[in-house]
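Report on the structure given below.
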There are 2 protein chains.
Amino acid sequence: MIADLGPIDSATIQTQVYQRLREALFNGALLPGDSVTIRALATRLGTSPMPVREALQRLVAEKALIQLPNRTFRVTPFTTEMFIELMRVRMTVEGMAAAEAARRFSSRVERRLAQHNAAMIRAIERGQADAVMRANRRFHFELYQAADMPQLLDIINGLWLRAGPYLMNAHRSLDDPTIFFRSGVLFHERIMAACAARSPKRAARAIAGDIWHSARFFRRNVGKINAPYPPEREPRTSTAVTSEEGGHHESVR
Amino acid sequence: MIADLGPIDSATIQTQVYQRLREALFNGALLPGDSVTIRALATRLGTSPMPVREALQRLVAEKALIQLPNRTFRVTPFTTEMFIELMRVRMTVEGMAAAEAARRFSSRVERRLAQHNAAMIRAIERGQADAVMRANRRFHFELYQAADMPQLLDIINGLWLRAGPYLMNAHRSLDDPTIFFRSGVLFHERIMAACAARSPKRAARAIAGDIWHSARFFRRNVGKINAPYPPEREPRTSTAVTSEEGGHHESVR
DNA sequence: TCTCGAAAATTGTGATCACAGATCACGATT
DNA sequence: AATCGTGATCTGTGATCACAATTTTCGAGA
């Protein structure tokens with residue numbers, strides 16, 4: 001009955017592994033098609049294979065990774081069609097969250113949204129693409145969180161996790177990411193205006209517009225982002241890169 | 001390069017365990033709040049704890065189970081608020097699927113939908129509640145599958161998995177489930193009409209109506225379905241029922 | 001130079017064991 | 001009779017080992 005504050009509760013190892021992989025996917029540190037192996041990760045993280053196994057299984061459940069007939073793990077690669085489907089789902093799901101956020105809009109989240117967007121503008125001016133993407137993410141989730149629908153937020157998290165390896169790498173394929181980033185800022189302003197006007201429909205439309213607009217930029221580059229093609233065999237498939245393999249990219253750290 | 005058909009590919013044990021638990025949840029064989037333990041399940045299924053561990057972790061990832069601070073597993077219990085949120089999410093997500101299905105509607109799925117609905121009517125007349133729920137499920141997923149959006153279908157599967165323990169048990173709390181079942185049939189006819197008319201908006205509205213209507217029946221009974229309340233302690237919580245405990249219900253078989 | 005095949009290395013899966021934390025059962029103490 | 005403490009039991013977590021399937025490597029044969 002003591003008010004024991006400080007529930008430090010440092011998570012289990014498998015949770016830590018899971019969160020690091022999740023962050024790596026969110027940030028685009030892992031490319032679609034990259035293979036991930038249990039032992040290699042365990043060695044790199046200094047644990048036994050067990051926690052890694054469970055973390056990978058969880059990511060498979062969230063469709064962030066796939067398990068080939070091979071049983072080997074890979075960052076889920078998308079075809080253009082799948083990417084478009086994902087963006088369509090995002091438009092309606094995140095549109096719903098935006099609509100609800102507009103209903104519950106408060107000056108507090110209004111202020112924070114403005115801050116995130118300002119940070120995004122600053123990052124654009126400084127040419128810090130990573131910071132831009134980070135600010136963009138914060139803006140969106142600040143909004144979605146304001147909807148106060150935990151289960152909906154979970155779904156959105158899953159969508160971003162799957163889209164991360166693409167969205168966070170796609171801007172590198174653009175000649176001038178700046179103009180792309182700036183249009184994002186404009187959409188964000190539209191979203192804030194809709195929320196300030198307490199208009200759910202406008203907010204949903206604005207979010208959908210933001211998503212669709214960015215999708216237009218990326219659609220053509222979906223293929224370019226994928227890791228070197230894995231050959232498609234029969235009962236199982238493809239090679240497994242294990243760990244280093246040439247300073248490629250798969251940096252789980 | 002041989003066209004080896006018959007990919008019987010009897011899955012791994014963990015997959016089998018997962019699917020059985022999934023089915024148990026879908027059918028409402030497990031009540032919200034029921035506790036599930038690794039060793040008990042492993043013993044009952046005649047395997048080692050390993051496959052069960054991974055299956056449970058996966059279900060946790062899908063929010064079908066929760067892990068208390070205790071680390072013990074429980075079938076996710078819902079508050080009324082959470083249940084309503086879930087139903088709202090279902091309305092827009094499944095509404096989207098219905099809309100897309102309406103666009104792609106074919107006489108083939110029209111025929112099959114009619115069959116499922118007919119089966120539902122027959123089951124109602126015979127008073128076979130379980131068969132009613134089964135036919136209802138087939139009807140919905142026949143429709144959603146027709147949308148041809150695999151990722152959206154995955155999300156819907158997750159929603160049903162979480163709702164299963166409630167929806168599949170709630171009709172038992174009704175005085176006369178028949179009138180509830182029959183209204184479902186009417187909504188289904190509305191849905192089919194909308195699809196036949198190739199009207200995405202009407203299809204989405206009809207699905208949302210179906211979901212909301214059923215939610216109204218269940219809302220009051222959310223609390224009644226939950227398994228006996230687990231006491232909420234501090235760092236972790238509640239007892240673990242392990243296995244039999246008095247012929248209660250948790251039949252994973 | 002290319003093709004084929006067998007050994008070697010790598011992969012995920014499953015079983016078993018050890019362990020820390022939590023819960024429960026039971027008995028001594030007040 | 002009620003309360004508290006102590007040991008027994010149960011829980012999930014992590015480590016280690018064994019194994020079958022697969023992939024890769026590499027050398028023999030054409």
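The numbers here are math on the coordinates, done by the rules we state, and not lab data. For clarity, every value in this text was computed on a predicted model and none was experimentally measured. Virtual Cβ from ideal backbone geometry, glycine too; neighbours counted across all protein chains shown.
Tabulated values for the structure
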{"read-out": "Residues being under 26 Å from A:Ala215 (Cα atoms) and more than 12 Å from chain B (Cβ to nearest Cβ) - total across region A:67-77", "value": "3"}
{"read-out": "Qualifying helices (runs of 4 or more DSSP H) (wholly inside region B:78-188; at least 1 residues being within 14 Å of another protein chain (Cβ to nearest Cβ) and surrounded by 20 or more Cβ atoms within 10 Å (Cβ to Cβ))", "value": "B:80-103, B:129-146, B:150-170"}
{"read-out": "Scope region B:16-56; condition polar (S, T, N, Q), within 22 Å of B:Ile156 (Cβ to Cβ) and touching an Asp or Glu at 6+ places or on another chain (Cβ under 9 Å); matching residues", "value": "B:Asn27"}
{"read-out": "Unmet requirement for A:Arg74, which otherwise passes all of (1) under 26 Å from A:Arg137 (Cα atoms); (2) within 16 Å of DNA strand D (Cβ to nearest atom); (3) in contact with a helix residue (DSSP H, G or I) (Cβ under 9 Å, 6 or more places away or on another chain)", "value": "(3)"}
{"read-out": "Subset of region A:63-75 that is surrounded by 20 or more Cβ atoms within 10 Å (Cβ to Cβ) and under 20 Å from the mean Cα position of the chain (by Cα) - its residue that is nearest to DNA strand C (Cβ to nearest atom)", "value": "A:Phe73"}
{"read-out": "Residue within region B:50-72 that is assigned to a helix (DSSP H, G or I) and farther than 20 Å from B:Leu25 by Cβ present", "value": "yes"}
{"read-out": "Lone unmet requirement of (1) surrounded by fewer than 16 Cβ atoms within 10 Å (Cβ to Cβ); (2) free of Cβ contacts under 8 Å to residues at least 24 places away in the same chain; (3) within 12 Å of chain A (Cβ to nearest Cβ) for B:Gly46", "value": "(3)"}
